[in-house]
Amino acid sequence: MATDQHFLNIYFTKLLNAIGRGAPATASDIFAIWEDFAPREATPVLIKLIDEHMIVRYDNEIFYIPVILPTGEREPLSSLKALIRKYLKSSDDVFGFFCGLTQAYVLGLVEERPELFEIRSTRQTIRRRLLNVGDIRCMIFRAKSDITPTTLPIYQIIEVVKVMPLPLSQEQIDKLIALNENKPLNRADVLRVSHDYRHGVFDLLLTAGIPITEA
């Protein structure tokens, strides 16, 4: 039994060092971290760690190592964190973005939380789907195009600009440009993204005060 516990601790410590506490991870994330262990061992170990309450199953896709509060209680995983991991990004990939007022709310540009969070994601295979992730009601739309680290901030900025009163304040512009590493948007990249929208994206961005460069 002591040997079994030592074996579990090796797996747990490797996972803890990789993702920390309070961070969502899929089974694929976990098995990738355990890649130097035998694949046939990984699933039983994950189940055992859940049984031992060392890892918590959030839902059928998401797991996490809980933060232990001073009271000794386990802090529940944030629904927003789980939602982001499932439909927006992993540690090494991006595949979705928040739409409209949802993106504005997440950035702190509007105070009222939307009743329905809207997301576009390449992880969504049908046109749209209504679901709950924890306490968040979501509408997940299928992404029209691939999403890359280059195009992601452009999508995010357009989504905010199309629902906010224009022109934006300088503070609002600064928050949006920070999504693009405080750089002006590249015209060629904006053109690539613009095909996903019905209306004139360039006019919208220029009216908002978002800088665009040819370089």
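All of the numbers you see were taken from the coordinates with simple rules; none came from a lab. In this text, all values refer to a predicted model and were calculated from it rather than measured experimentally. Cβ: placed from backbone, ideal geometry, glycine included. Neighbour counts: every protein chain shown.
Please give the net charge around Glu181, taking every other residue with its beta carbon less than 15 angstrom from that of Glu181, where Lys and Arg add +1 and Asp and Glu add -1.
Working: positive: Lys175, Lys183; negative: Asp174, Asp189.
Residues close to Glu181 contribute a combined charge of 0.
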Using the Cα centre of segment 79-213 as the reference point, and only Cβ charges (+1 on K/R, -1 on D/E), how large is the resulting charge dipole? Debye, rounded to the nearest 20. 620
Among 150-157, 115-122, how do they line up by average Cβ neighbours within 10 Å per residue, starting with the highest? 150-157, 115-122
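Run lengths n ≥ 4 of DSSP H only: what is the helix-derived mean residue ellipticity at 222 nm for the chain, with -39500 (n - 2.57) per run over all residues, to the nearest 500?
Values: 9 runs with 89 residues, N = 215.
For the chain, the value works out to -12000 deg cm²/dmol.
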Given Lys48/Lys144; Lys81/Lys144; Lys14/Lys144, the pairs whose alpha carbons are separated by over 31 Å: Lys48/Lys144; Lys14/Lys144
Could you list which residues have their amide H under 5 Å from that of Arg137, counting only those 5 or more apart in sequence or on another chain, with H placed in the peptide plane? Phe117
Positive-end residue of Phe202, Leu15, Leu83, charge dipole of the chain with Cβ unit charges: Phe202
Show log10 I(q)/I(0) for the chain at q = 0.13, 0.15 Å⁻¹, two decimals, from a solvent-free Debye sum over equal Cα scatterers. -0.83, -0.99
What are the lysines whose alpha-carbon lies under 18 Å from the alpha-carbon of Lys183, with same-chain residues fewer than 8 places away excluded? Lys175
So how far, in whole Å, is the C-alpha centre of segment 48-107 from the one of segment 149-215? 28
